[in-house]
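Below: the structure, in C-alpha cells.
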C-alpha cells in the first residue's frame, strides 16, 4: 500500500454512530486548534464534527471485530494498565459503571 494516498486526520473522539438503510456513519469530533490558539474559544467549548466516515453495514461489522481483537491484545492490555496506573485512564470498573 502506498502511503502517499493516505489522508490522516486527527480527531479527539467518536461522538456518534448512525445507521440507516444499511449505511453506517461514524461522526468524529475535535477542537478547532486555530481558534484555541487565537483565544477565540477555550477548552470548555464543545467539540465540533471534524470528519464523518461512511461505510456499508458489513464493513462496519468487520471493523468492530477488528477492534475487539485489538482490545484483547496483550500488548494493548499492558499499555492500558500503564495508563490506568498513571491516572491517565479510569480503571475498567469505573468505565463500565459509567456505561
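For a test of the definition: using alpha carbon positions, the gyration tensor, and the 1.5 limit on a/c, classify the range 3-98 as rounded, prolate or oblate. It is oblate, given that a/c is not under 1.5 and a/b is not larger than b/c. Between 68, 50, 25, where does the largest GNM mean-square fluctuation fall for the chain, given springs only between Cα atoms within less than 10 Å? Highest fluctuation of the listed residues: 68. The calculated 222 nm mean residue ellipticity attributable to helices in the chain amounts to -12500 deg cm²/dmol, summing -39500 (n - 2.57) over DSSP H runs of n ≥ 4 and dividing by all residues. Mean separation of Cα pairs under 8 Å and 6 or more residues apart, divided by the residue count, gives the chain a relative contact order of 19 percent. Bridge orientation summary for the chain: considering DSSP beta bridges with both residues in this region, about 100 percent are antiparallel.
Read-outs: derived from the displayed coordinates by stated rules, not from any lab. Bear in mind that the values here come from a model prediction, so they are computed numbers and not experimental data.
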